[in-house]
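Quick notes on the structure that follows.
The values are calculated or read from the model by the stated rules, or taken from the named source; none is laboratory data. Quick caveat, the model's predicted, so the values are computed rather than measured. Neighbour counts run over all protein chains shown; Cβ positions are idealised from the backbone, glycine included. SASA here: full protein model, heavy atoms, side chains in, ligands and nucleic acids out. Shrake-Rupley method; radii C 1.70, N 1.55, O 1.52, S 1.80 Å.
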Amino acid sequence: MELGPGKKVLFLDAQTTGLSPRAGEIMELGFGIGGDPESFGSRLFKLRREDRVPPKVWKMTGLSLEQLEEADDIVPFWKSLVEKALAAGVDTVVIHYAQFELPFLKALHRETFGEAAEFPWPVLCTQRLAHKLFPNLPSRTLRALAGYFGFDLGESHRSLDHLNATRLIWEGCAEKLAGPAEPPPEKKRGAKKTREYLVDKQKRLDLPKGPGIYEMVSPRGKILYVGKATSLRDRVNSYFRGHRPERPKIKELMTQVADVRVTPTATPLEAALLEYDRIKMLEPPYNVSLRQRKRRLLYFSRDLIAGEGPGFSWGPFSSDMNFDTLEQIRALASHTLTVHRGYWLRHPPEAVFPVLEKMGLASWERSHPPITLNELFCLGKSLGEDPPDLDEVQIYVRRKLRQAVWRVHRAYWLVRLQNARVAWEYQTEGVTKVRFLVVRNGQVVSRGDGDLVDLTYRRFPTESTPMTVATFDRLRVLASGLGQQARKGKQIAVQFSPERVYDADDLLRLAGDHPHNPPELEPEAVASPDLPGVAISEAGC
């Protein structure tokens, strides 16, 4: 098919509520005649089967049912668009991945002009065209090709954004066809397919060997992904050598990467902290787990009720799911568990209740006061090794109680880590050194090489601020990194005051490597009594 200025093209992009016309309908349509993006537009349409829209569709598009309630009917609009395109002399429709969208458009055309009406134009699919013209690209999705040609596609699936990406891909394909013909690559039996990347090969081969973070950058300078590495050179080049799993998202990302920027750090742990801070600041589209989301920190009272203010000192926790199972156990022991809630337990209530009775948690009288989080915590803390004759239900209940102890201890560690000095062993060029970080209000304010124990340590002034989700996540990264070093046999020192230094063994017990013997923490108050935070000494056990 001929491409170029002589073609009168109608660009189309449809966002649908399902995978086929039988299961879904068009909710938004992007359209544009010719190559002028100023003439492009999109329209939302009223749904006929709004009850059949999967939640994933609302999330992907960012649309809501309220936005579509006042929208137009699609049939009159399609009739008007077809008539306008025919009058303008359109002779080709361009769609990316026409295999998906064309059935919806043909069904709409038959509904508008009658069952015998045929789609009036031939369709050019930019995905199939790019597959022939750019066979060595890792991916040819709309997002991958748009990034390859210098267009940063937004994360929401909206028609106008996709339409502009389709136009750019079409122009890139037309330019490729207009250039000198390239001889087909020589095919050798058993030879691996050569991938085509935008990143300069020599630049990535010259990256430093040490730890740090790397940022993958689009042709327009947008940060697409931030990662950490023990060896920057090895980690970055692994993306280009085919040694990593060929996941679709990785291939899509690597098609768009035009540059890789690196920031070396002294240690892998500092790389993990820097990675976290950069992701939170930039929110790169291909980072998912550490991105800022609509989350809040939760605190619990002793009776497992989440809330804020005085009496809600058990925390912080990132989710109320932390204590869901304990709440079911407490309700079952107090005869207040409903049949519906009983299904949340892995085992049926009639199997769990005898176990609770054996452990002294269950009462046959409904008037008995319900057990509290404090009682469950004390019981979990007192549990020793599981005897060999326990059945599956007993092991399940005991594990859940121990997990409560671990979560509470971890929350307390994170509260204390807001103002602390941490030090750990690391190796550089075959020499063992000690690295330290000073943390104040959840931020790293000082770092360097020193000793495991610094007797000149002084407690920071008590001017702590309430812990935010960002601080909570940063401290989790720090605690996780220290735990990893402890499991490798490295020496660790964590100081909250000059009088007590917690070592690697304490961290291993906190991390669950010694689940029956959690570390004893100093019975000190949180930096400010007006702020929430777990104080283990309040448990009274």
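Table for the structure above
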| item | result |
| --- | --- |
| Residue selected from the range 112-127 under the condition in a loop (DSSP other than H, G, I, E, B) and open to solvent by 40 Å² or more (accessible area, probe 1.4 Å), by the criterion nearest to ALA165 (Cα to Cα) | PRO122 |
| In the range 128-159, residue nearest to VAL217 (Cα to Cα) [restricted to those that are in contact with a Gly (Cβ under 6 Å, 6 or more places away or on another chain) and not in a helix (DSSP H, G or I)] | PHE149 |
| Given (1) surrounded by 19 or more Cβ atoms within 10 Å (Cβ to Cβ); (2) at pLDDT 95 or above, number of the condition LEU47 does not satisfy | (2) |
| Neighbours by Cβ (under 7 Å, 6+ apart or cross-chain): first from the range 1-28, farther than 18 Å from HIS109 by Cβ; second open to solvent by 50 Å² or more (accessible area, probe 1.4 Å) and at pLDDT 90 or above | LYS7/ASP91; LYS8/ASP91 |
| Of all residues in the range 284-300 being modelled with pLDDT of 80 or more and not in a strand (DSSP E or B), the one that is nearest to the chain's Cα centre (by Cα) | VAL288 |
| When residues of the range 170-193 are limited to those that are farther than 30 Å from PHE11 by Cα and surrounded by 10 or more Cβ atoms within 10 Å (Cβ to Cβ), the one modelled with the lowest pLDDT | PRO185 |
| Enumeration of residues in the range 50-86 that are open to solvent by 30 Å² or more (accessible area, probe 1.4 Å), more than 21 Å from LYS106 (Cβ to Cβ) and either acidic (Asp, Glu) or outside any loop (DSSP other than H, G, I, E, B) (or both) | GLU50, ASP51, PRO55, LYS56, TRP58, LYS59, MET60, LEU65, GLU66, GLN67, GLU69, GLU70 |
| Residue within the range 424-435 that is among the aliphatic types (A, V, I, L, M), crowded, with 20+ Cβ neighbours inside 10 Å and within 30 Å of GLU270 (Cβ to Cβ) present | no |
| Selection status of ARG143, within 30 Å of VAL262 (Cα to Cα), basic (Lys, Arg) and modelled with pLDDT of 95 or more | yes |
| Among the residues listed as GLU357, GLU392, GLU429, GLU375, the single one being in contact (Cβ under 8 Å) with a residue 40 or more places away in the chain and of a type in the set (Asp, Glu) | GLU392 |
| Residue list for the range 217-271, restricted to those being out of contact with any helix residue (DSSP H, G or I) (no Cβ under 8 Å at 6 or more places or on another chain), among the charged types (D, E, K, R) and open to solvent by 50 Å² or more (accessible area, probe 1.4 Å) | ARG220, LYS222, ASP234, ARG235, ARG241, GLU246, ARG247, LYS249, ARG261 |
| Among (1) loosely packed, with under 13 Cβ neighbours inside 10 Å; (2) part of a loop (DSSP other than H, G, I, E, B); (3) on the phi < 0 side of the Ramachandran plot - the single one GLY89 does not satisfy | (3) |
| Condition check for ARG295: closer than 19 Å to ARG476 by Cβ, touching a residue at least 60 places away in the same chain (Cβ under 8 Å), basic (Lys, Arg) and open to solvent by 60 Å² or more (accessible area, probe 1.4 Å) | yes |
| Residues within the range 333-371 that are open to solvent by less than 40 Å² (accessible area, probe 1.4 Å) and either among the aromatic types (Phe, Trp, Tyr) or at pLDDT below 80 (or both), tallied | 10 |
| Selected residue (only one of ALA144, ALA130 is open to solvent by less than 50 Å² (accessible area, probe 1.4 Å), of a type outside the set (Ser, Thr, Tyr), more than 23 Å from PRO285 (Cα to Cα) and touching a residue at least 40 places away in the same chain (Cβ under 8 Å)) | ALA130 |
| Subset of the range 16-40 (residues that are open to solvent by 30 Å² or more (accessible area, probe 1.4 Å) and not in a loop (DSSP other than H, G, I, E, B)) | PHE31, ILE33, PRO37, GLU38, SER39 |
| Candidate set: the range 302-317, residues that are of a type in the set (Gly, Ala, Ser) and closer than 12 Å to VAL408 by Cα; chosen: the one most open to solvent (accessible area, probe 1.4 Å) | SER313 |
